[in-house]
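**Student:** Before I ask anything, here is the structure I am working with.
Every number here is computed from the coordinates shown, using simple stated rules; none is lab data. Owing to the predicted nature of the structure, the values given are computational and were not obtained by experimental measurement. Note: ideal-geometry Cβ built from the backbone for every residue, glycine included; neighbour counts use all protein chains shown.
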Amino acid sequence: MHFPKHYGRGHDEPVVFPGVRLSGIPGDLRWQDTMATITEPYIIHYPRIIAVADEAGSHVELIEFFDCVGGAMWSKHHYARSPVVKNVRCVGQTMRYLLTPGTVDLALEGSRFPAGISSCIVDKSEIAITYIGMGGGGVGAAACRSDAQGVLRSRSDESGGGKVAGSTIWLPRRQRVLIGVDDTDTPEEGATWTLVHNIARAVEDEQSVYLSHTIVQLFPVPYRTKNCVSIVVEFATTDPRGLAERFRQLLERYTLSQKTGMAVYTGFTPSEDLLAYGRNVKRGEIEPGVLGNLDDKNLQIILDGRGIIGAVAAIPFYTRYEEALELCNGRT
């Protein structure tokens, strides 16, 4: 980049960058003009925060959609030290905190442990999360999260400078729903991975939030279209039945195959039996009757075309991208 010459200018005279446009404002802009468009210079708002809980309310996954990757990684590093946090992982544009419900006092210390999650309370319909931090960590704990989309209501402290500040946010208690799909295309047209993503986007609403999309490499059976993959998409929802029905309607409308399979799993974590089944399908061709041996009350078969074998096999690999994409040789 070539900067305009400004020799002879006074120190207070701004540098002009000809032709630069910002926020649709035409013409030459001066540096000080850009600050006029920042209404909250010391707050970065989280776009959305949601939480899913298991049936017993003993495990919670807090899912934060972030706008600033640096802030999200800083939180990941420090929040992991909170006793209620059992695991943290980054999935796409979300940071996911696995929590055990409870309340603790955090012994915050600048630089070493400046912020954390101090409480997770689960009731029948809501999940309350309490954050606390000092300095910039207090800004993140209070001002940045309290008005994210998905928050029902919040209570927060004044933050900024060196203050210790926190907030409590109340979120709808959601369930995890995993939808597996296979065999929607033909040798001439279509692609299952794109169709499933587009349907997931179409059915998303305030009750059902689309979280992830995972392509699962299956064993290349002779009757595959080409690459032999199936798809699982993940939602957090308060309306699992309505979500599954809307998804089914669109899938039946747009599939190009008469052999489409669709399965729905409603539960916090897929069972070990389901994972073992998925791994068997990745390792080699299986008989259709093997699927019938699965006994899982959380699993529903929605469309039972030949693709149902791969549709069910995809479910336990949601967000397990490396294992999902591994091509097995039939033995390992």
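**Student:** Using Cα pairs under 8 angstrom and six or more residues apart, how large is the relative contact order of the chain, in percent? It would help to have the intermediate numbers written out before the result.
**Tutor:** On the way: 731 pairs, mean separation 46.0, N = 332.
Dividing the mean separation by the residue count of the chain yields 14 percent.
**Student:** For the chain, which longest stretch is free of loop sites, where a loop site is one of the chymotrypsin sites (Phe, Trp or Tyr not before Pro) that DSSP puts outside H, G, I, E and B and that has at most 12 other Cβ atoms within 10 Å?
**Tutor:** Numbers: sites that count: Tyr7, Tyr42, Tyr223.
It runs 43-222.
**Student:** So which trypsin sites (Lys or Arg not before Pro) in region 86-133 are both in a DSSP loop and have at most 16 other Cβ atoms within 10 Å of their Cβ?
**Tutor:** Working: sites: Lys86, Arg89, Arg96, Arg112, Lys124; in loops: Arg112, Lys124.
When the trypsin sites (Lys or Arg not before Pro) of region 86-133 are filtered for loop state and at most 16 Cβ neighbours within 10 Å, Arg112, Lys124 remain.
**Student:** Could you work out [θ]222 nm for the chain from helices alone, using -39500 (n - 2.57) per DSSP H run of at least four and dividing by all its residues? Round to the nearest 500 deg cm²/dmol.
**Tutor:** Details: 9 runs with 76 residues, N = 332.
Calculated mean residue ellipticity at 222 nm is -6500 deg cm²/dmol.
**Student:** What is the dipole size for the chain, taken about its Cα centre, with +1 at each Lys and Arg Cβ and -1 at each Asp and Glu Cβ, in debye to the nearest 20? Intermediate results must be reported in sequence, preceding the final value.
**Tutor:** Working: 34 positive and 39 negative charges, 93 e Å.
Result for the chain is approximately 440 debye, rounded to the nearest 20.
**Student:** Still on this structure, I have one more. Quick one: net charge of Ala314's neighbours, Cβ under 13 Å, K/R +1, D/E -1? Could you put the intermediate results ahead of the total?
**Tutor:** Working: positive: Arg279, Lys282, Arg320; negative: Asp182, Asp183, Glu234, Glu323.
Local net charge: -1.
**Student:** How high is the relative contact order of region 191-311, given as a whole-number percent (alpha carbon pairs under 8 Å, six or more residues apart)? Working shown, then result.
**Tutor:** On the way: 151 pairs, mean separation 35.3, N = 121.
Result for region 191-311 is 29 percent.
**Student:** Filter the GluC sites (Glu not before Pro) in region 115-196 to those in DSSP coil with at most 13 other Cβ atoms within 10 Å of their Cβ, and list the result.
**Tutor:** On the way: sites: Glu126, Glu158, Glu188, Glu189; in loops: Glu158, Glu188, Glu189.
In loop regions of region 115-196 (DSSP not H, G, I, E or B), the sparsely surrounded GluC sites (Glu not before Pro) are Glu158, Glu188, Glu189.
**Student:** Using Cα pairs closer than 8 Å and at least 6 residues apart in sequence, work out the relative contact order for region 48-173, in percent.
**Tutor:** Numbers: 310 pairs, mean separation 27.9, N = 126.
Relative contact order comes out at 22 percent.
**Student:** May I ask for the net charge around Gln207, where only other residues with Cβ less than 10 Å from the Cβ of Gln207 are counted and Lys, Arg are +1 while Asp, Glu are -1? Walk me through the intermediate numbers first.
**Tutor:** On the way: positive: Arg174; negative: Glu204, Asp205, Glu206, Asp239.
Here the count lands on -3.
**Student:** Another one. Using θ = phi - 60° and the Karplus curve 6.51 cos²θ - 1.76 cosθ + 1.60, what whole-Hz ³J(HN,Hα) does each residue of region 81-87 get, with Gly and Pro shown as x?
**Tutor:** Coupling constants for region 81-87: 7, 5, x, 7, 8, 9, 6 Hz.
**Student:** Within the chain, how many lysine pairs that are 8 or more places apart, or on different chains, have C-alpha atoms less than 25 Å apart?
**Tutor:** 9
**Student:** Ok, one more. So which trypsin sites (Lys or Arg not before Pro) in region 214-294 are both in a DSSP loop and have at most 16 other Cβ atoms within 10 Å of their Cβ?
**Tutor:** Details: sites: Arg224, Lys226, Arg241, Arg246, Arg248, Arg253, Lys259, Arg279, Lys282, Arg283; in loops: Arg224, Lys226, Lys259.
Taking region 214-294 and a limit of 16 other Cβ atoms within 10 Å, the loop trypsin sites (Lys or Arg not before Pro) found are Arg224, Lys226, Lys259.
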